[in-house]
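Chemist: Sharing a structure, written as structure tokens. Questions coming.
The values are calculated or read from the model by the stated rules, or taken from the named source; none is laboratory data. All values reported here derive from a predicted model rather than from experimental measurement. Ideal geometry is used to build each Cβ from the backbone, glycine not excepted, and the neighbour counts take in all protein chains shown.
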Amino acid sequence: MRAFCTLIVVAAFLLLAAGAGAVPTASAGYTLETFNTPGAAFAGLSRDAGGLLVSDLASGRLYRRGADGKLVAFGPVFPHGLDVIGDPTGPYRVVRTGDGVVVAQGWTPVGSKEGPFDHALVSIDAAGQVHVISSDFWNPFDFIAASGSYYVVDSARNSLERIRPDGRKSTLLTFRRMSQAPTALRSLSPTEFAEGNSYETDSVPTGIALHEGRLYIALFGGFPFLAGGGKIVSLPEAGDQSTPQIEVEALNAPVSVAFDKGGEMLVLEHGTYDQKDGFRKASGRLLKFDKVGRERKTILEGLTRPVSVLVWDERRIVVSELGGNLHVLTRVSAR
């Protein structure tokens with residue numbers, strides 16, 4: 001089974017419903033504004049000077065959102081649709097690099113022949129010319145550009161890869177499978193998971209961030225997506241990368257990680273999973289972790305299948321959802 005195949009369990013007809021029926025709420029000290037685009041399935045977010053870059057899995061398009069709030073499409077239409085498991089696939093992430101952008105493109109859609117853009121890191125220059133940097137991935141879900149390279153998490157290979165601009169690739173780490181508590185499995189299925197039995201899941205790396213010389217990776221955790229089964233781990237950008245350090249545990253399918261301007265860690269949880277209905281509506285949250293003691297605080301809850309978190313500036317944070325929502329969370333200035 002693909003490690004990533006069940007990351008976003010949603011069929012095409014659910015893309016609109018994913019954002020419906022639940023109203024996200026911000027914690028005290030924050031205000032929330034939501035912008036919805038019917039039919040969209042927003043995924044990756046990144047800053048582009050004064051604009052916001054966002055990728056849409058429903059249309060295979062890249063968009064730039066300016067100060068006027070309008071979405072302007074650019075670049076080619078990337079392969080998009082559903083994969084063999086029924087998950088949406090397309091341009092997962094887009095990042096500005098110099099005078100161009102780089103895109104992480106997902107699986108080949110069902111019913112389509114594999115093309116050069118599938119499971120690839122792709123660059124688009126200022127003239128609109130498209131170049132495949134590398135297609136030697138299974139599912140490059142997230143990446144960052146740093147130190148003259150691209151650090152890519154391959155969710156299906158459970159690996160962290162470093163890619164040079166000329167396409168040379170090296171695997172920095174393959175994440176081990178994660179042990180899950182037998183007690184949690186018993187509550188899931190008393191007959192299948194007998195008391196004392198051990199169970200392991202794929203790590204499924206999803207989000208990545210670089211902060212103060214360390215790479216932070218969100219480990220989503222594989223099926224059956226147990227509540228509290230996810231983690232954030234870190235490793236040095238340079239030096240011994242063989243043993244990741246655990247930063248935070250007991251997370252509900254963490255899908256994205258970032259750091260605010262004060263150095264506090266933000267973790268976006270995709271949510272909790274139901275064996276019958278999939279990821280529960282309104283179970284996604286944005287958590288903020290204290291710099292020193294790693295104490296957690298929920299600053300945005302009631303999200304349905306969120307995908308990315310982006311720190312915009314000292315006060316604002318942007319979160320994307322598959323239901324076509326962009327949430328702007330603003331910290332209220334202290335008087």
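Chemist: Might you check whether a residue that is surrounded by fewer than 17 Cβ atoms within 10 Å (Cβ to Cβ) and basic (Lys, Arg) occurs anywhere in the range 80-102?
Modeler: Scanning the range 80-102 turns up at least one residue that is surrounded by fewer than 17 Cβ atoms within 10 Å (Cβ to Cβ) and basic (Lys, Arg).
Chemist: Sort through Gly262, Gly271 and tell me the only one that's under 15 Å from the mean Cα position of the chain (by Cα), in contact (Cβ under 8 Å) with a residue 24 or more places away in the chain and assigned to a loop (DSSP other than H, G, I, E, B).
Modeler: On the way: Gly262 fails: under 15 Å from the mean Cα position of the chain (by Cα).
None of the others qualify; the one that does is Gly271.
Chemist: Then there's this: Considering the range 208-232 alone, what residues qualify as being surrounded by 16 or more Cβ atoms within 10 Å (Cβ to Cβ), in contact with an Asp or Glu (Cβ under 6 Å, 6 or more places away or on another chain) and at positive phi?
Modeler: Answer for the range 208-232, where residues must be surrounded by 16 or more Cβ atoms within 10 Å (Cβ to Cβ), in contact with an Asp or Glu (Cβ under 6 Å, 6 or more places away or on another chain) and at positive phi: there is none.
Chemist: Any residue at all in the range 135-142 that is of a type in the set (D, E, K, R), touching a residue at least 40 places away in the same chain (Cβ under 8 Å), touching a Ser or Thr at 6+ places or on another chain (Cβ under 8 Å) and within 24 Å of Ser320 (Cα to Cα)?
Modeler: yes
Chemist: Also: Which of the residues spanning the range 295-335 are surrounded by fewer than 21 Cβ atoms within 10 Å (Cβ to Cβ), among the charged types (D, E, K, R) and touching a strand residue (DSSP E or B) at 6+ places or on another chain (Cβ under 6 Å)?
Modeler: Those that are surrounded by fewer than 21 Cβ atoms within 10 Å (Cβ to Cβ), among the charged types (D, E, K, R) and touching a strand residue (DSSP E or B) at 6+ places or on another chain (Cβ under 6 Å): Arg296, Lys297, Glu301, Arg315, Arg316, Arg331.
Chemist: Now for a different question. Can you name the number of the only condition in (1) surrounded by fewer than 13 Cβ atoms within 10 Å (Cβ to Cβ); (2) at pLDDT below 90 that Pro116 fails?
Modeler: Going through (1) surrounded by fewer than 13 Cβ atoms within 10 Å (Cβ to Cβ); (2) at pLDDT below 90 one by one, Pro116 breaks only (2).
Chemist: Restricting the search to the range 108-124, which residues are under 19 Å from the mean Cα position of the chain (by Cα) and either of a type in the set (D, E, K, R) or not in a loop (DSSP other than H, G, I, E, B) (or both)?
Modeler: Asp118, Ala120, Leu121, Val122
Chemist: So which pairs qualify, if the first residue must be in the range 44-68 and free of Cβ contacts under 8 Å to residues at least 12 places away in the same chain, the second must be among the small types (Gly, Ala, Ser), the Cβ gap must be under 7 Å, and the two must be at least 6 apart or on different chains?
Modeler: Hits for this filter: Tyr63/Ala73.
Chemist: Sticking with this structure for a sec: How about the range 89-106: which of its residues are of a type outside the set (Ser, Thr, Tyr) and in a strand (DSSP E or B)?
Modeler: Listed by number, the residues that qualify are Pro91, Arg93, Val94, Val95, Arg96, Gly100, Val101, Val102, Val103, Ala104, Gln105.
Chemist: So, one more: Any residue at all in the range 298-310 that's more than 21 Å from Gly228 (Cα to Cα) and assigned to a loop (DSSP other than H, G, I, E, B)?
Modeler: no
Chemist: Just for the range 46-79: of the residues that are in contact with a Lys or Arg (Cβ under 8 Å, 6 or more places away or on another chain), part of a strand (DSSP E or B) and of a type in the set (A, V, I, L, M), which one is surrounded by the most Cβ atoms within 10 Å (Cβ to Cβ)?
Modeler: The selected residue is Val54.
Chemist: For the subset of the range 284-294 comprising residues that are at pLDDT 95 or above and among the basic types (Lys, Arg), which member is surrounded by the most Cβ atoms within 10 Å (Cβ to Cβ)?
Modeler: Arg285
Chemist: Which residues, counting only those in the range 125-150, are assigned to a strand (DSSP E or B) and under 17 Å from Gly98 (Cβ atoms)?
Modeler: Start the filter on the range 125-150 by keeping residues that are assigned to a strand (DSSP E or B), which leaves 130-134, 140-146, 149-150.
Once the filter is applied, which keeps residues that are assigned to a strand (DSSP E or B) and under 17 Å from Gly98 (Cβ atoms), the range 125-150 yields Val130, His131, Ile133, Phe143, Ile144, Ala145, Ala146, Ser149, Tyr150.
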